[in-house]
Amino acid sequence: MIRLENISKIYGNQHALHEVSVAVVDGEFVFLIGPSGSGKTTLLRLLIKDILPSAGDIFVGDWNLKAINNSEIHLLRRHVGTVFQDGKLVTDRTVFENISLGLEILGKHGSALEKDVHDVMALVGLQDFDNKFPLQLSAGELQRTAIARAIIGGPKILLADEPTGNLDPETGSEIMGILEEIQKLGTTVIVSTHNTTIVDDMKKRTITLSEGNLVSDELKGKYRYEKKHEKKRQDDKKKEIHGKKDT
Amino acid sequence: MKITKTMWKHIRRSPYQSLVAILSMFITILLTGFFVLATFGSMSVLRFFESKPQLMVFFNDKATEEQVTHVKKILTDSGKIESTKYISKEDALKFYQDQNKNDPLLLEMVSSDILPASLEVNAKDPSMLKDLESLVNGVEGVELIDYQKDVVDSLISWTNTIRITGGVLGGILTINSILTIMTVIGMRIATKKDEIEILKLIGASPSYIRSPFVLEGGMYGVIGGALSWVMLSIVTILLREPIMSFLGIVPDVALIFNSLTGQAFILFQIIMLGSLSCFGFLLGCLGGIVSVNRYLR
Ligand SMILES: Nc1ncnc2c1ncn2[C@@H]1O[C@H](COP(=O)(O)OP(=O)(O)O)[C@@H](O)[C@H]1O
Ligand SMILES: [Mg+2]
C-alpha cells in the first residue's frame, strides 16, 4: 500500500508537486504520466525518501516516511526497488556485478547469489551478458540491467522512472512486457513515462501529472483500443467495398 | 575475501596513496614498537636492580649490637624500606667462602676479621636510596655506605627518558598516521562518491557502506605493523650478541635472548608480530572511522 496525502514539493521557489493525494494498492500496475518537468521523478524520489516533501504525509507499507530515521532508510529502499531514470549503474562493474550488488547488500554471497543473479538475468533477457560493462551496453540492455538489479532483492514495490525513455518502440514494449511480468509475479509496479503510445497500448490505471498537479487518475487505453478497432472496421469495410468491386 | 579483493583493486589503481598510508603506518608502528620494547627492556633491567639488595651499610669493627639495632631502627622508622638483613662477620665469611670455593688462594687470604659486618637494606623505591644514605651517614658505628647509585640513578633517568621520548614521539606519529589514513580513505571516498550514492539508493545499510573503508584503513595498519615486525625482528636478531653481553645478567632478558631458536624467543616474536599488527589494525580502523564519519554523512 502506498498513500500520498496532500504532498507538495518545492525546490527553492520551483513548485514541483502541488497537494497531490493518491493511493496505490498492493499488486497494482500504475502508469504515472505527464510531460517533462511535470513532477514524475520528484514523486518517485519522495517514495524512497531520497528527498523530503515540503508538506504532506507519505505512507509506504507499514511506514510513515516522516518517522523513518536515517539508520532505517535502507529498509524502506529494500522494500521499494527503483529503476532510476539515469540507470545509476556502477560503471566500473560488470552487468553481473551490478545486478549482484542488489543481493550483496542483503548479505548474500557465494553460489546462491550466483544462481539468483543468473535467474534474474534470464528473466530480463540478459543471458551471456555477465562480463559486459555498462559502457558496452545498448540503452535497452542498460534498462534490463537496472531492472534486474532493482528486483533481485525481491522488493514488494517496483518504481521505474521512464524506463523506455530513449528506447525504440519495439525495445520499449519489450521492457514494458518485463515490467508487466514482474507485476504478475506479485509486485506493485509504478512506471513513469511520457510515452503515451505505450500507455495507450497497455490499458492500465494511469495517473496524470501536469505542472505538479494531479489532473487525472483513470483507466486509460480505451480510446486507442476503440480507435484500433474502428480502423480495423474501416479496413474491413474497404475490403468489402473492394471485394464488391472485384466481383 | 571480497574486501581483500576490492582492496587489492584500490592499491593497484592508486598505488601512491596506498604506499603513503602503509609507509606512514610502518614508521609509526616501528618507532612506537621500538620504544615500547626499549621501555619494557629498561623496566625489566630496573626491576632486576630493584630486586637486589640496594643499600649496604657496613659497620666498623667496634660497632656494638645496640648501634646496629639503632641504625636498623632509623631505617625502619623512615618508612622507606621494605626489609633489612643483618650479615655478621661470620656470615660474610661464609658467603665469601661459598663464592670463591674454587679458588683456594683467595680462601686462604681471608679470615672473618677482615670482613666487616653489614646490613642489607631493600628500599621501597630506588629513588629513596639517596635519602636513606643521608639518614644513616655518620651514625655511630657506621663505617661505609654503599649502593649502586650510578647504575640505579642512570637506569631511572634512562627509563624516564625512553618513556617520555617514546610517548611524545609515538603520540605525534600516531596522530600523524591517523591523519594520513584519514586523508587517503577520504580520497577513496571521494572517488567512489557515485557508487556510494547508488548503494544508498538501492538499500545498502550504513554499515555495509562504511565498513569497507574502515577495514581498508585497518588493512594498511596490519601491513604496516607486519612490516615493522620484520624490521624489529631483524634488529633483535642482529643485536642478540651485544644484548646478551650487556644485559645477560637480567633474568628476563637472558630468558628471551638465550637462544634464537628457543621457545621464549619464538614466543616473544609471535607476541611482537601479534601486537604490532593489532596495534596497526586498530590505528588504521580508527583513521578509517574518523574519515567515514567526516566524509560520509
Ligand atoms: N533537484 C532539483 N532542484 C530544483 N528543481 C528541481 C529539482 N528536481 C526537479 N526540479 C524541478 O521540479 C520540476 C519537476 O521535475 P521532475 O520531477 O524531474 O519532473 P519529470 O520527472 O516529470 O520530468 C521541474 O520543474 C524541475 O525543474
Ligand atoms: Mg523525470
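Find the relative contact order for the range A:16-150 and round it to a whole percent, using C-alpha pairs within less than 8 Å whose residues are 6+ positions apart.
So the answer I get is 23 percent.
With unit charges on the beta carbon (Lys/Arg positive, Asp/Glu negative), name the residue among A:Ser192, B:Thr28, B:Thr69 whose Cα is farthest towards the positive pole of the charge dipole of the protein assembly as shown.
In the protein assembly as shown, that residue is A:Ser192.
In the range B:223-239, which residues have a backbone nitrogen under 19 Å from the label point lying 7 Å from B:Thr261's Cα in the Cα-to-Cβ direction?
B:234, B:237-239, by backbone N distance to the label point.
Return the single residue from B:Gly262, B:Gly224, B:Gly33 with maximal mean-square fluctuation; model: Gaussian network over chain B, springs between Cα atoms under 10 Å.
Maximum among the listed residues: B:Gly262.
Quick check: pseudo-label points 7 Å beyond the Cα along Cα→Cβ at B:Ser275 and A:Met1, how many nm apart are they?
It works out to 6.2 nm between the two label points.
What net charge is computed for the residues neighbouring A:Asp92, neighbours being all others with C-beta under 12 Å from the C-beta of A:Asp92, Lys and Arg scored +1, Asp and Glu -1? Write out the running numbers ahead of the final one.
On the way: positive: A:Arg93, B:Lys9, B:Arg13, B:Lys192; negative: A:Glu97, B:Asp194, B:Glu195.
Taking every other residue near A:Asp92 into account, the sum is +1.
For A:Lys108 and A:Ser210 in one chain, what is 0.36 nm times their gap in residues minus the Cα-Cα distance, to one decimal in nm?
32.5 nm
Would you compute, from DSSP H runs of 4+ residues alone, the mean residue ellipticity of chain A at 222 nm, taking -39500 (n - 2.57) per run and dividing by the full residue count, rounded to the nearest 500? Write down the numbers at each step before the final one.
Details: 8 runs with 100 residues, N = 247.
Value at 222 nm, helices only, nearest 500: -12500 deg cm²/dmol.
Using the crude model of +1 on Lys and Arg Cβ and -1 on Asp and Glu Cβ, and no other charge, please compute the dipole size for the protein assembly as shown relative to its Cα centre, in debye to 20.
So the magnitude is around 3040 debye.
Can you sort B:Trp158, B:Trp229 so the residue with the fewest Cβ neighbours within 10 Å comes first? Walk me through the intermediate numbers first.
On the way: B:Trp158 14, B:Trp229 22.
Ordered by Cβ neighbours within 10 Å, fewest first: B:Trp158, B:Trp229.
Using label points projected 7 Å from each Cα along Cα→Cβ, tell me how many nm separate B:Ile74 and A:Glu19, to one decimal.
10.3 nm
Pop a pseudo-label 7 angstrom from the Cα along the beta-carbon direction at both B:Asn100 and B:Arg163 and give the gap in nm to one decimal.
In this crude spin-label approximation the distance works out to 4.0 nm.
Taking springs between alpha-carbon atoms closer than 10 angstrom, which of B:Ser157, B:Ser211, B:Ser111 fluctuates most in the Gaussian network model of chain B?
Comparing B:Ser157, B:Ser211, B:Ser111 in the GNM, the peak value goes to B:Ser111.
Could you list B:Cys278, B:Cys285 in order of exposure, starting from the residue whose Cβ has the fewest other Cβ atoms within 10 Å?
B:Cys278, B:Cys285
Over what distance in Å are the Cα centres of the range A:113-137 and the range B:159-189 separated?
47 Å
Among A:Lys40/A:Lys115; A:Lys108/B:Lys193; B:Lys62/B:Lys94; A:Lys108/A:Lys156; A:Lys40/A:Lys66; A:Lys132/B:Lys193, which pairs are too far apart, with a Cα-Cα distance over 25 Å?
Flagged as over cut-off: A:Lys40/A:Lys115.
Taking R0 as 35 Å, what FRET efficiency do you get between B:Leu239 and A:Asn70 from their Cβ-Cβ distance, rounded to the nearest 0.05?
So the FRET efficiency works out to roughly 0.05.
In which sequence would A:Asp201, A:Asp161 go, from the one with the fewest C-beta neighbours within 10 Å to the one with the most?
By the 10 Å Cβ count, ascending: A:Asp201, A:Asp161.
Find the centroid of the Cα atoms in the range B:39-98 and in the range B:230-297, then give the distance between the two in whole Å.
Centre-to-centre distance over Cα atoms comes out at 38 Å.
Could you work out the local net charge near B:Gln97, counting Lys and Arg as +1, Asp and Glu as -1, over the other residues with Cβ closer than 12 Å to its Cβ? Walk me through the numbers on the way to the answer.
On the way: positive: B:Lys94, B:Lys101; negative: B:Glu90, B:Asp91, B:Asp98, B:Asp103, B:Glu108.
Neighbour charge sum, excluding B:Gln97 itself: -3.
Taking the Cβ of B:His70 as the centre, find all other residues whose Cβ is under 12 Å away and add up their charges (Lys, Arg: +1; Asp, Glu: -1).
It works out to a net charge of -2.
Please work out how much length the chain gains when fully extended from B:Arg297 to B:Thr6, using 0.36 nm per residue of separation minus the C-alpha to C-alpha distance, in nm with one decimal.
Gain on stretching B:Arg297 to B:Thr6: 102.5 nm.
What is the dipole size for the range A:76-216, taken about its Cα centre, with +1 at each Lys and Arg Cβ and -1 at each Asp and Glu Cβ, in debye to the nearest 20? Intermediate values should be presented prior to the final figure.
Values: 14 positive and 20 negative charges, 126 e Å.
Taking the Cα centre of the range A:76-216 as origin, the dipole is about 600 debye.
Can you give the FRET efficiency to the nearest 0.05 for B:Glu82 and B:Lys62, using r as the Cβ-Cβ distance and R₀ = 22 Å? Before the final figure, lay out the partial values.
On the way: r = 29 Å, r/R0 = 1.32.
After rounding to 0.05, the efficiency reads 0.15.
Please check: in the Gaussian network model of chain B (C-alpha springs, under 10 Å), which one of B:Asn160, B:Asn122, B:Asn60 has the largest mean-square fluctuation.
For chain B, modelled as a Gaussian network with Cα springs under 10 Å, the answer is B:Asn60.
For B:Met43 and B:Asp91, FRET efficiency with R0 = 41 Å and r from the beta-carbon atoms, rounded to 0.05?
Efficiency for this residue pair is about 0.80.
Bear in mind these aren't lab numbers, they're just calculated from the coordinates by the rules spelled out. Quick caveat, the model's predicted, so the values are computed rather than measured. A quick note on method: Cβ atoms are made from the backbone with ideal geometry, for glycine too, and the neighbour counts reach across all protein chains shown.
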